[in-house]
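The values are calculated or read from the model by the stated rules, or taken from the named source; none is laboratory data. The structure presented is a predicted model; accordingly, all values stated were derived computationally and were not measured. Methodologically, a virtual Cβ is constructed for each residue, glycine included, from the backbone with ideal geometry; neighbour enumeration extends over all protein chains shown.
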Amino acid sequence: MAADTRSETAATERFEDVDWNDVGGLGFTRRTLALGVSSLAYAVAVLYDVFLTEDALISGTNWLFLLTLLAGVFFVAWPLADNRRLTAYYWRRFKKNRAAVISAIYLLVVFVLGTFGPMLIAKPELNVLAAYQPPVFLSVDSSVPTSCVGQAAEGLCHGTWKYPLGTTSDGKGIARLVVFGMRVSMQVGLITMLIVISIGTVVGTSAAYFSGLVDELLMRYVDIQQTFPTFFLFLIVTYLFKPSLFLLITIFGFLGWGGIARLVRSEALQRREESYIQAAENAGASDGWIIRRHLMPNVSNTVITAATLLIPSFILFEATFAFLGLTDPSTPSWGQVISSGRGDLDSAWWIATIPGVFLFFTVLAFNFVGDALRDALDPRSEGDA
Amino acid sequence: MSMHWYVARRVAWAVIATYLILSITFGLLAVAPGDGQTAFAFKAATQGGDVDEAQETFDEITGRDEPLLTRYKNYMVNMATLNWGWSFTRNQPVLDAIAQAYPYSLMYALPATLISIIAGYAIGLYSATHQYTLTDYFGTFTAFFGISIPNFWFGIMLILVFAVDLGWLPSYYQTGRGVWTVANAKQLILPIIVLSTGAIAGNMRYSRAEALEYVHADFVKTARAKGADDWRVLVRHIFRPALVPLMTILVADILGLLFAGAYITEVVFQIPGLGLLSYKAIIQQDTALVMATTLIPVFIAIIGNLVQDIAYTVLDPRISYGDR
Amino acid sequence: MTDPLLSVRDLHVQFNTDEGTVRAVDGVSFDVARGETVCVVGESGSGKTVACESITKLIPMPPGEIAGGEILFDGEDLTEASEKRLEDIRGGRIAHVFQNPQSALNPVYPVGAQIVEAIRLHRDVSKEAARDRAIDLLDRVGIPEATARIDDYPHEFSGGMKQRVVIAMALAADPDLLIADEPTTALDVTIQAQILRLLRDLQDEFGMSIVFVTHDLGVVAEIADRVVVMYSGKVMETGPVYDVFEQPSHPYTKALLGCLPGQGKSMEPIGGTLPDPKNPPAGCRFHPRCPHATTDCRTGDHPELLDVGTDHEAACVYYGPGYDASVIRGDAVSESTAADGGSEGGTPGDASKSGGDDR
């Protein structure tokens, strides 16, 4: 019950009146309770799906995506809703960057379309008769498509609303492919970020906290992992094993956290030296309290920013491998469509162009948002950015 | 601790890292189900042979019937003695195939590297010293463009515009046009642009950020107060201290962006360099060639890191050789 | 006083930012005679650093801009001087020493190289000759074993030693004017005293003028010939150090001196805070914190500097016609305390303690 009283009172109450037991009390907060319940439900559902059903109802990637969404709700959305004043402060700083606000709106659209779109619309089907249809409002020489679905006039085939963004060489609607590709990109970006943040934070804080041999071992391991170019490792692995989205996400997730771990470690080490930590220690706070209340909030902003800036690279990697044909061909992804349009550049330019535009803007938007987050969240960059 | 001791330790560390990576690769090879035998069996089957027999032959050739430890030993010895195996798709030793391929990679990767370093650092420094001017905003925007554009798609778009629509440049690379010829230069323009765009953007962002740390530093003000002119301040008092952290990005940049980027660039433009060699080997299940072409960038990454760390100690007088 | 070395006339410096124009220096005038030490005193944010860095245009431009006034150095207006000419003057005739010795030296070059650079930028001498002079200078500023230490890097020196190196570098080309911006603030008290003594000795030896920027009135008493008291981009009072300390004529100066320990009275913090430089109050800049403020103080322009003694001026309406200057001149410290509680209600701050960067 502490959580809701806190949010209401924190803004108005005077320091002296704050009931300190209420603020950090050991009792379960509503959030903790909800988190526990949903984790349990999630675990039961996964176990049921894995052991008690013939074919998995939901793919491993989708299970991970669900987990990522849960984590997003409990560790980002809920705390932000709780701390309205801080949220408003962050928002004021974030919205200074107009490009980032537009980017965030674009990403929200991509996220919603990608998450729910594939549930509502059918997977694009192979349809030779509808191959090479131009996007709506555009036209192409009638000799390009096998048969024109829209209007054909004066030797030109016009696009139709049935395929607003045209079709590929095997007649799949590009608009649908783009929506399915949104899901892939979002999954790759967000799930990998979750894995990277989780492992990176645990390893980083452990190294900083236990120091000595643990620190040495962990950081040496990070050294090796960072030396190994993930791109080439993934090439070897996809070559040796059956490529899939799940494999790609896990490899990038489990090998991509080195940078975050280093960042967290150095931040945590720095923070430990600062006066407010010493002040808390002098006030009799326990190690756990200090880590949770003082270390983590100060490190988490840096981590979130760094991880946001990693998302575009994950998305680009996935697209690149899809382009090279080294991912699961049954998962429609932007890179795959671009690759399929490569041979038809002189006749059907839109096949390679349109998914690329979405890919480019998604990556660009993440970069803009990450940059603005750094300016907005970094507690050290006070005042002007 | 003396510098020599530090360098020696650092080299030893590089050797250990190499060893570990080779071991991991061996482990992956050992547990992998496919490993080229499917291709081998397929080949045998299409040639009218017995698949089971082919499997045995394959195990014999690759030494799969031997105990794991022996295979591990052989693998390590072969790796160390540069006996990297036989490419069955090209019918030549793997190292010969690589020797034939790498000049093509260098032909565009070297100019792209030089351009990205020079242009990236120059724009970055200019932006930092002319903060909040129009040029700075333009530079920052260009950097966002550069790091965000997927290079394979950028390549395709450039082909679409400059080769298909305008017809100014060839759409893919053709061998046999010599090295120092106009024709060769023309077909290298687009690959160089594609490869350097991302790298320029990366270098620019980092050098701008680094230089900004120093533009307002007290010692830069001291230098100006001494009467040093802008150029001297820029080169001696901003660029030189910024060079130390920039070394870090330089290596990561060349290896990450350029190697991975080169892979894509070669596939897009059909340049018969290391990337395309590796890509074809993957498609054609030529294990020995796949391993060699993917491990070489890894080894270069290790050496690059080594060089970077040593350069760091030379450039920065403050660094202590202890605890690293 | 005939033909001052430096004469700052009605200087206006502003910074154009997204949030508005900051008039950091708003009509400041003062003179520095040859061989004289002038202390510019004020709280952080009073514009004293900006004023001094504007003399040789060291402030970043843009966003900084010299919006008006002139800076006559040896008869030459520096606001009109070309960048090339300024490069000759910087280090050659006007040298600077900055607040934080920890960051004033470039970490990647040995100290010797940095002094040699300063020498060779202004003197056409060989590297060897410059190096010999660098060793001389290091020796002169009190670096022990200068010959052995000339090739050491800045991080191998302590803070006080670094400041000595910075001073040596400033002296490299025998400047006529040394502008020292809080050179002792970042140092321990004992080191502070040594550096002050060093500066005084060097002044005797080299015969240069010194502009000494500080917020520490204790330092002023020790080193200054004349004082310029600044507040919110304006000069509040200026005069010989003895007169200003004995007969502080502006309420602000009085308040500042009230903050100084060891005056025989209890220390009094100045109520309120510095005004917003983007939107300074009308009338006298100090009126929101002034115990004697009248309606005249709250409107119109900031009061002009008025003669209050020989070579001693204060910018306060009480010295104008129709006012009784003895209200200020008399012992009004206790009065100010009484008025303090009822005034603006800002957070009390110890002005003499606030350190940090002026901008």
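Sort through B:I193, B:I189, B:I98 and tell me the only one that's more than 25 Å from B:P241 (Cα to Cα), within 18 Å of the chain's Cα centre (by Cα) and without any contact (Cβ under 8 Å) to a residue 60 or more places away in the chain.
B:I193
I'd like to check something: does the stretch C:3-25 contain any residue that is touching a Pro at 6+ places or on another chain (Cβ under 9 Å), part of a loop (DSSP other than H, G, I, E, B) and at pLDDT 85 or above?
Checking the stretch C:3-25: not a single residue is touching a Pro at 6+ places or on another chain (Cβ under 9 Å), part of a loop (DSSP other than H, G, I, E, B) and at pLDDT 85 or above.
Out of A:I236, A:I249, which single residue is within 16 Å of the chain's Cα centre (by Cα) and either hydrophobic (A, V, I, L, M, F, W, C) or within 29 Å of A:N301 (Cβ to Cβ) (or both)?
That would be A:I249, the only listed residue that is within 16 Å of the chain's Cα centre (by Cα) and either hydrophobic (A, V, I, L, M, F, W, C) or within 29 Å of A:N301 (Cβ to Cβ) (or both).
For the structure I just gave you, tell me whether A:G204 is in a helix (DSSP H, G or I), surrounded by fewer than 22 Cβ atoms within 10 Å (Cβ to Cβ), modelled with pLDDT of 80 or more and away from chain B (no Cβ under 14 Å).
Judged against the criteria, A:G204 is not a match.
Report yes if some residue within the stretch A:306-324 is more than 10 Å from every other protein chain (Cβ to nearest Cβ), of a type in the set (D, E), assigned to a helix (DSSP H, G or I) and under 23 Å from A:K172 (Cβ atoms); otherwise report no.
yes
So C:N106 ticks every box in (1) crowded, with 24+ Cβ neighbours inside 10 Å; (2) more than 8 Å from every other protein chain (Cβ to nearest Cβ) but one. Which box is left unticked?
Only one criterion is unmet by C:N106, namely (2).
Conditions tested, residue by residue: (1) assigned by TED's automatic domain parsing to the domain that holds C:V13; (2) modelled with pLDDT under 80; (3) assigned to a helix (DSSP H, G or I).
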| site | (1), (2), (3) |
| --- | --- |
| C:T253 | yes, no, yes |
| C:G258 | yes, yes, yes |
| C:K265 | yes, yes, no |
| C:P277 | yes, yes, no |
| C:P280 | yes, yes, no |
| C:C284 | yes, no, no |
| C:P291 | yes, yes, no |
| C:D301 | yes, yes, no |
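At least 1 residues that are over 30 Å from A:P355 (Cβ atoms), out of contact with any strand residue (DSSP E or B) (no Cβ under 9 Å at 6 or more places or on another chain) and among the basic types (K, R) in each: list the helices (runs of 4 or more DSSP H) lying fully within the stretch A:54-114 that qualify.
The helices (runs of 4 or more DSSP H) meeting that bar are A:84-94.
If we scan the stretch A:251-259, do we find a residue that is among the hydrophobic types (A, V, I, L, M, F, W, C), assigned to a helix (DSSP H, G or I) and within 12 Å of chain B (Cβ to nearest Cβ)?
Yes: the stretch A:251-259 contains one or more residues that are among the hydrophobic types (A, V, I, L, M, F, W, C), assigned to a helix (DSSP H, G or I) and within 12 Å of chain B (Cβ to nearest Cβ).
Going by the structure shown, is A:R92 at pLDDT 80 or above and loosely packed, with under 15 Cβ neighbours inside 10 Å?
yes
When you check C:E76 against the structure, is it closer than 14 Å to B:V220 by Cα and of a type in the set (D, E), yes or no?
no
In the stretch C:154-209, which residues are aromatic (F, W, Y) and at pLDDT 85 or above?
Residue satisfying the conditions is C:F157 alone.
Is there a residue in the stretch B:17-32 that is small (G, A, S), within 20 Å of B:L289 (Cβ to Cβ), in contact with a Leu (Cβ under 9 Å, 6 or more places away or on another chain) and modelled with pLDDT of 60 or more?
Yes, there is a match, as at least one residue in the stretch B:17-32 is small (G, A, S), within 20 Å of B:L289 (Cβ to Cβ), in contact with a Leu (Cβ under 9 Å, 6 or more places away or on another chain) and modelled with pLDDT of 60 or more.
Go through the stretch C:1-22 and give me each residue that's away from chain A (no Cβ under 14 Å) and either buried (at least 20 other Cβ atoms within 10 Å of the Cβ) or under 24 Å from C:E222 (Cβ atoms) (or both).
Selection gives C:M1, C:P4, C:L5, C:L6, C:V8, C:L11, C:V13, C:Q14.
The rows are residues; the columns are (1) among the hydrophobic types (A, V, I, L, M, F, W, C); (2) modelled with pLDDT of 80 or more.
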{"position": "A:T53", "(1), (2)": "no, no"}
{"position": "A:L70", "(1), (2)": "yes, yes"}
{"position": "A:F74", "(1), (2)": "yes, no"}
{"position": "A:P79", "(1), (2)": "no, no"}
{"position": "A:R85", "(1), (2)": "no, yes"}
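Quick grid of which residues meet (1) facing another protein chain (nearest Cβ under 9 Å); (2) of a type outside the set (F, W, Y); (3) touching a strand residue (DSSP E or B) at 6+ places or on another chain (Cβ under 8 Å); (4) assigned to a helix (DSSP H, G or I):
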| residue | (1), (2), (3), (4) |
| --- | --- |
| A:P329 | no, yes, no, no |
| A:G335 | yes, yes, no, yes |
| A:D346 | yes, yes, no, no |
| A:A352 | yes, yes, no, yes |
| A:F358 | no, no, no, yes |
| A:L364 | yes, yes, no, yes |
| A:V369 | no, yes, no, yes |
| A:L373 | no, yes, no, yes |
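For the stretch A:110-126, give me each residue that is surrounded by 11 or more Cβ atoms within 10 Å (Cβ to Cβ) and without any contact (Cβ under 8 Å) to a residue 60 or more places away in the chain.
Correct list: A:V112, A:F116, A:I121, A:E125.
If I ask for residues that are touching a residue at least 12 places away in the same chain (Cβ under 8 Å), surrounded by fewer than 19 Cβ atoms within 10 Å (Cβ to Cβ) and not aliphatic (A, V, I, L, M), which ones from the stretch B:143-169 would you list?
Across the stretch B:143-169, the qualifying residues are B:F144, B:F145, B:F162.
So in the stretch A:268-287, with the set limited to residues that are within 29 Å of the chain's Cα centre (by Cα) and surrounded by fewer than 21 Cβ atoms within 10 Å (Cβ to Cβ), which one is nearest to B:I24 (Cα to Cα)?
Across the stretch A:268-287, the extreme among qualifying residues is A:L269.
Residue by residue through the stretch C:108-161, note down the ones that are under 19 Å from C:D88 (Cβ atoms) and among the small types (G, A, S).
The answer is C:A118, C:A130.
Could you tell me whether A:S340 is surrounded by fewer than 21 Cβ atoms within 10 Å (Cβ to Cβ), more than 10 Å from every other protein chain (Cβ to nearest Cβ), more than 27 Å from A:V101 (Cα to Cα) and modelled with pLDDT of 80 or more?
yes
Restricting the search to the stretch C:26-46, which residues are part of a strand (DSSP E or B) and at negative phi?
C:D26, C:V28, C:S29, C:F30, C:D31, C:V32, C:T37, C:V38, C:C39, C:V40, C:V41
Looking at B:G124, B:G178, B:G120, B:G167, can you tell me which residue is small (G, A, S) and within 14 Å of chain A (Cβ to nearest Cβ)?
Testing whether each residue is small (G, A, S) and within 14 Å of chain A (Cβ to nearest Cβ) leaves just B:G167.
Mind telling me which of the residues B:L277, B:L255, B:L250, B:L243 ends up being modelled with pLDDT of 80 or more and either buried (at least 20 other Cβ atoms within 10 Å of the Cβ) or not β-branched (V, I, T) (or both)?
So the residue among B:L277, B:L255, B:L250, B:L243 that is modelled with pLDDT of 80 or more and either buried (at least 20 other Cβ atoms within 10 Å of the Cβ) or not β-branched (V, I, T) (or both) is B:L277.
In the stretch B:123-136, what residues are touching a helix residue (DSSP H, G or I) at 6+ places or on another chain (Cβ under 9 Å), surrounded by fewer than 16 Cβ atoms within 10 Å (Cβ to Cβ) and not in a loop (DSSP other than H, G, I, E, B)?
Scanning the stretch B:123-136 gives a single hit, B:T135.
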